[in-house]
Amino acid sequence: MDMIKQAAKYGVVGAGNTILSLVIIWVMTKKLGCTEAFSNFTGYFIGLINSFFLNRKWTFNSTGNVFGSAVKFFLVFAVCYLLQLGVLLLLNRYCPQNPPLYSLFEPMLKIFKIDTLFYIQLLSMVVYTAVNFLINKYYTFKK
């Protein structure tokens, strides 16, 4: 049950960070006139920092060293990002027309007009999220 509760909290933090990042990106580009690249980097960076602190305290209730946990967290992020990118590129290259589990969700995907390329993006994000959660739970914030 603890795992389910933590996964739910992790999802809430992730959704909140997505909104926070989008707001920062929008304000920086539309209201402050910053470049899209700088705004995107800043929005994601602030979201990542926010994610670290919220997941450390609220999701995993970690009491470990803050600096050590932060180093692990950013390392895990980098590894999971590369994993996500690898899954995305592999699926796009080797099964762009029939990705894993696509036929199972095809009726729903057609209703929402989700093509296979976007579906592959979603699938790779699910891999990122699951692996990131597990590594952070058992490695980054184990204390």
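The values are calculated or read from the model by the stated rules, or taken from the named source; none is laboratory data. Values in this document were obtained by computation on a predicted structure and should not be read as measured data. Every residue, glycine among them, receives a Cβ derived from its backbone with ideal geometry; neighbour counts consider all protein chains shown.
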Do the conditions hold for Lys72, that is, is it out of contact with any His (no Cβ under 6 Å at 6 or more places or on another chain), without any contact (Cβ under 8 Å) to a residue 12 or more places away in the chain and among the basic types (Lys, Arg)? no
Of Phe77, Phe67, the only residue that is of a type in the set (Phe, Trp, Tyr) and either over 19 Å from Asn132 (Cα atoms) or surrounded by 11 or more Cβ atoms within 10 Å (Cβ to Cβ) (or both) is Phe77
Which of the following residues is at pLDDT 95 or above and out of contact with any helix residue (DSSP H, G or I) (no Cβ under 6 Å at 6 or more places or on another chain): Val79, Val126, Val131? Val79
How many residues does segment 8-41 hold that are closer than 26 Å to Val126 by Cβ and either surrounded by 16 or more Cβ atoms within 10 Å (Cβ to Cβ) or not small (Gly, Ala, Ser) (or both)? 17
Among Ile46, Ile25, the single one that is under 17 Å from Ala78 (Cα atoms) and part of a helix (DSSP H, G or I) is Ile46
Is it true that some residue in segment 126-133 is among the hydrophobic types (A, V, I, L, M, F, W, C), surrounded by 17 or more Cβ atoms within 10 Å (Cβ to Cβ) and touching a Ser or Thr at 6+ places or on another chain (Cβ under 6 Å)? no
Keeping to segment 101-114, report how many residues are outside any helix (DSSP H, G or I) and modelled with pLDDT of 85 or more. 0
Hey, Ile120 closer than 30 Å to Trp58 by Cα and touching a Cys at 6+ places or on another chain (Cβ under 9 Å) or not: no
Regarding segment 126-143, can at least one residue be identified that is part of a loop (DSSP other than H, G, I, E, B), farther than 20 Å from Ala8 by Cβ and outside the structural domain of Val13 (by TED's automatic domain parsing)? yes
Search result, residues across segment 52-64 that are in a helix (DSSP H, G or I) and surrounded by 18 or more Cβ atoms within 10 Å (Cβ to Cβ): Phe52, Leu54, Asn55, Arg56, Thr59
